[in-house]
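Reviewing the structure listed below.
The values are calculated or read from the model by the stated rules, or taken from the named source; none is laboratory data. Model, not experiment: these values are computed from the prediction. In this analysis, Cβ positions are derived from the backbone assuming ideal geometry, glycine residues included, and neighbour counts consider all displayed protein chains. Note: accessible area is taken over every heavy atom of the protein model, side chains too, but ligands, DNA and RNA are not part of it. Shrake-Rupley method; radii C 1.70, N 1.55, O 1.52, S 1.80 Å.
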Amino acid sequence: MGRTLQNTMINLGLQNACDEAVYQLGLDMEELEEIEEDAGLGNGGLGRLAACFLDSMATLGLAAYGYGIRYEYGIFNQKIRDGWQVEEADDWLRHGNPWEKARPEYMLPVHFYGHVEHSATGAKWIDTQVVLALPYDTPVPGYMNNTVNTMRLWSARAPNDFNLRDFNVGDYIQAVLDRNLAENISRVLYPNDNFFEGKELRLKQEYFVVAATLQDIIRRFKASKFGSTDTVRTVFDSFPDQVAIQLNDTHPAMAIPELMRIFVDIEKLPWEKAWDLTRRTFAYTNHTVLPEALERWPVDLVEKLLPRHLQIIYEINQRHLDHIASLFPDDVDRLRRMSLIEEGGIKRINMAHLCIVGSHAVNGVAKIHSEIVKTQVFEDFAELEPEKFQNKTNGITPRRWLLLCNPGLAELIAEKIGEDYVRDLSQLTKLHEFVDDDLFIREVAKVKQENKVKFALYLEKEYKVKINPSSMFDVHVKRIHEYKRQLMNCLHIITMYNRIRRDPVKLFVPRTVIIGGKAAPGYHMAKMIIKLINAVAQVVNNDPMVGSKLKVIFLENYRVSLAEKVIPATDLSEQISTAGTEASGTGNMKFMLNGALTIGTMDGANVEMAEEAGEENLFIFGMRVDDVTELDKKGYNAQLYYNRLPELKQAVDQIKSGFFSPKEPNLFNDVINMLFHHDRFKVFADYEDYVKCQEKVSELYLNSKAWTKMVIRNIAAAGKFSSDRTIKEYARDIWHVEPSDLKIPPPNEPRDTAQDKTLNGTAA
């Protein structure tokens, strides 16, 4: 979620008033804003997407709730020591959190372990351990519409009789100390991005948020006026018409068997009825196609922790497979492929399969990704129910990612096309009229320059590094992962360095290359990549032959509040994942909206960005998805590229020989070995085209006016990538609710007079 103060002032239309009031108290608002901790309750794109979605849902007047876990410790703080990543605990609640309100009156029990008893009356889950879920509510204000939604985060509390209700009381002190075991559930965020680690505590977290949330939803449903009073229908008949639950990846997949358990075991609905209601309630968003990221929980673990849920999953699977077998008799391989249970070695539950079978809609997060989901990853399921599979291209909130972080640009745009674009970003297309307006071109360039100077000052103050604000700011910020290919960027840096040294008098367009992002603490290769970037920076930044032509910065502790500073200052946005690996990306959209040009592969939402702006207004390079598939068929041989490309060979040899690590010549052996022998993401295959494309970037940067015109064309084409558009599509195609652009009356205004004012307003 990042910081809340400035976002709240903007959405409430209070920023200027607050700035002025604080100024009159002799204080500086920006200084105050810097004191607030980021709420870092997610890992990367997936969690930030949820935050943008909450802003858009409130702005569109949807009655929507965001549910999650109130981690005591969020994503770790990253320190760089001697070029290595070191993790520190993120004690973000140390000074309290003024934005949350604990709601103990809505505390709910969550059960674990125990066993199942079957009788004539049905199944009973007994002898369980209970953990209490205490909700904390954070307000989510819509933009200038007097709407405030709620984000409800659950915290784990031990019941007061925890470990004391057994007759073998034993050690009272120890029993109280053991309360920590229960409360550890909400202690810390698992720091893996796009990687599944099957730990028991993580499964406990996933069930904890699901069980508490479903009880909350059902309590709210029962307290409201529901559908028909006809006694023939159960009170739950209208449940899917009044409740829509979107599963943000498979992490809350246990909601499917949990809702079945509530309907069947507690509410005593027949299975068929319960299953129909469940499927119509849930929809599933897939966020990744990387096999190592897909959740596959061991059956033994689920059986121990949630024995009733395992039985329900088995029953769902049995009925699912019976259905497949009736449609495809004798196709045993299809049954194996489509089963929720994977046999072979240890039995596992494929959570994505559970989500697909238990939902009425499945979507990817960019056109190309949704196509891959349909035709490759889940092709058997898409063949069965093609109408279930959809696309919902991701978006970003223009409130945080333009108004808040880039007020200069936001104001400049408003001067030209009015202020309405903030709620309807498609209006940015009006900027096309000003692409040849010399004054506007100069003003856009000036805002960018001011943002660069401001960021350079920040870097100097915080990290004591001096950079040249007139150099091109070439920025690559995102989680560190092999598929995102920070290594390819690193090879380009070495190549530029070698070219400068080979011909020091030749014209070279000065660059400041900024790379930032966190590596999962257990991800050895990602940590080596950080060390390599820092080792290269050490050499490049201290070579007198290079001077100010090339500087390399590793941006420590990348997070939302740092993104808000670096993105508006960026000239070149690096989006260079291997085609077919980045589901969507959202950083790419933030850079586009803030006046950076993109160098990227035809992957994720880059494809649609090129479609909107025209491919000639992005720097597109490298293999397409089909080329990658072809190369896989014939076999990728890294050695071939190394032998054929002298500059690649030189760069690789320098890493290999210890040129960047003279004290430990073999330091990067693992990286080199990976690049030659098991590089799934084919860095060498795209290197040559990447370097050539970067030359075109430098060439254009020399022509400031041509560069800025291309920037304006990009901003004018960024409208599609508002999360408002994304949420309208979810609302209409999946949740079946209508967004409203009506401004509800403020609390100080009588309702009836306010009614008259909005009568002419039309629903969006």
**OP:** Evaluate the stretch 467-481: report whether one residue or more is modelled with pLDDT under 95 and open to solvent by less than 70 Å² (accessible area, probe 1.4 Å).
**Re:** yes
Original post:
When the stretch 399-418 is examined, which residues are found to be open to solvent by 30 Å² or more (accessible area, probe 1.4 Å) and of a type in the set (D, E, K, R)?
Top reply: Glu411, Glu415, Lys416
Subject >> Glu295 open to solvent by 30 Å² or more (accessible area, probe 1.4 Å), of a type in the set (Asp, Glu) and at pLDDT 95 or above >> reply: no
**OP:** Restricting attention to the stretch 252-274, report how many residues are in contact (Cβ under 8 Å) with a residue 24 or more places away in the chain, open to solvent by less than 10 Å² (accessible area, probe 1.4 Å) and assigned to a helix (DSSP H, G or I).
**Re:** 7
**OP:** Look through the stretch 655-684, keep the residues that are closer than 29 Å to Thr629 by Cβ and assigned to a loop (DSSP other than H, G, I, E, B), and return whichever of them is nearest to the chain's Cα centre (by Cα).
**Re:** Phe681
Original post:
So Phe381 clears everything in (1) in contact (Cβ under 8 Å) with a residue 24 or more places away in the chain; (2) under 18 Å from Ser561 (Cβ atoms) except one condition, right? Which one?
Top reply: (2)
**OP:** State whether the residues of the stretch 569-583 include one that is assigned to a helix (DSSP H, G or I) and either open to solvent by 10 Å² or more (accessible area, probe 1.4 Å) or within 25 Å of Asn286 (Cα to Cα) (or both).
**Re:** no
Original post:
Considering only residues of the stretch 514-532 that are assigned to a strand (DSSP E or B) and of a type in the set (Val, Ile, Thr), which is farthest from Lys466 (Cα to Cα)?
Top reply: Ile515
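Using the structure shown, decide if Lys549 is touching a Pro at 6+ places or on another chain (Cβ under 7 Å), open to solvent by 10 Å² or more (accessible area, probe 1.4 Å) and not aliphatic (A, V, I, L, M). I'd like the intermediate steps shown before the answer.
Working: touching a Pro at 6+ places or on another chain (Cβ under 7 Å): yes; open to solvent by 10 Å² or more (accessible area, probe 1.4 Å): yes; not aliphatic (A, V, I, L, M): yes.
When the stated conditions are applied, Lys549 passes them.
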**OP:** Examine the stretch 304-313 for a residue that is out of contact with any strand residue (DSSP E or B) (no Cβ under 6 Å at 6 or more places or on another chain), open to solvent by less than 10 Å² (accessible area, probe 1.4 Å), closer than 20 Å to Leu203 by Cβ and assigned to a loop (DSSP other than H, G, I, E, B), and state whether such a residue exists.
**Re:** yes
Subject >> Pairs where the first residue, in the stretch 275-295, is within 17 Å of Lys388 (Cβ to Cβ) and in a strand (DSSP E or B) and the second is open to solvent by 30 Å² or more (accessible area, probe 1.4 Å) and small (Gly, Ala, Ser), C-beta under 9 Å, 6+ apart >> reply: Phe282/Ala244; Ala283/Ala244
Subject >> Unique residue being open to solvent by less than 50 Å² (accessible area, probe 1.4 Å) and modelled with pLDDT of 95 or more when the list is Leu327, Leu301 >> reply: Leu301
Subject >> Among the candidates Asn534, Asn606, Asn594, residue that is open to solvent by 10 Å² or more (accessible area, probe 1.4 Å) and among the polar types (S, T, N, Q) >> reply: Asn534
**OP:** Filter the stretch 419-455 down to residues that are within 29 Å of Lys728 (Cβ to Cβ), in a helix (DSSP H, G or I) and open to solvent by 30 Å² or more (accessible area, probe 1.4 Å), then give me how many there are.
**Re:** 8
Original post:
Restricting attention to the stretch 318-356, which residues are under 26 Å from Lys124 (Cα atoms) and under 30 Å from the mean Cα position of the chain (by Cα)?
Top reply: Leu340, Ile341, Lys347, Arg348, Ile349, Asn350, Met351, Leu354, Cys355
Original post:
Which ones in the stretch 139-151 are under 21 Å from the mean Cα position of the chain (by Cα) and surrounded by fewer than 20 Cβ atoms within 10 Å (Cβ to Cβ)?
Top reply: Pro139, Thr150
**OP:** Could you tell me which residue of the stretch 487-528 is nearest to Val552 (Cα to Cα), considering only residues that are of a type in the set (Ser, Thr, Tyr) and either touching a strand residue (DSSP E or B) at 6+ places or on another chain (Cβ under 9 Å) or open to solvent by less than 10 Å² (accessible area, probe 1.4 Å) (or both)?
**Re:** Thr512
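Quick one: is Pro98 over 19 Å from the mean Cα position of the chain (by Cα) and closer than 30 Å to Asp127 by Cα?
Working: over 19 Å from the mean Cα position of the chain (by Cα): yes; closer than 30 Å to Asp127 by Cα: no.
Judged against the criteria, Pro98 is not a match.
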**OP:** Would you check if there is a residue in the stretch 620-641 being over 30 Å from Ala596 (Cβ atoms), acidic (Asp, Glu), open to solvent by 50 Å² or more (accessible area, probe 1.4 Å) and in a loop (DSSP other than H, G, I, E, B)?
**Re:** no
**OP:** Quickly run through the stretch 177-200 and pick out the residues that are at pLDDT 95 or above, of a type in the set (A, V, I, L, M, F, W, C) and closer than 19 Å to Ala526 by Cβ.
**Re:** Leu189
Original post:
Of all residues in the stretch 113-138 being open to solvent by 60 Å² or more (accessible area, probe 1.4 Å) and either touching a helix residue (DSSP H, G or I) at 6+ places or on another chain (Cβ under 6 Å) or of a type in the set (A, V, I, L, M, F, W, C) (or both), which is farthest from Leu201 (Cα to Cα)?
Top reply: Ala120
**OP:** Any chance you could count how many residues in the stretch 1-31 are over 23 Å from Ala58 (Cα atoms), part of a helix (DSSP H, G or I) and open to solvent by 60 Å² or more (accessible area, probe 1.4 Å)?
**Re:** 5
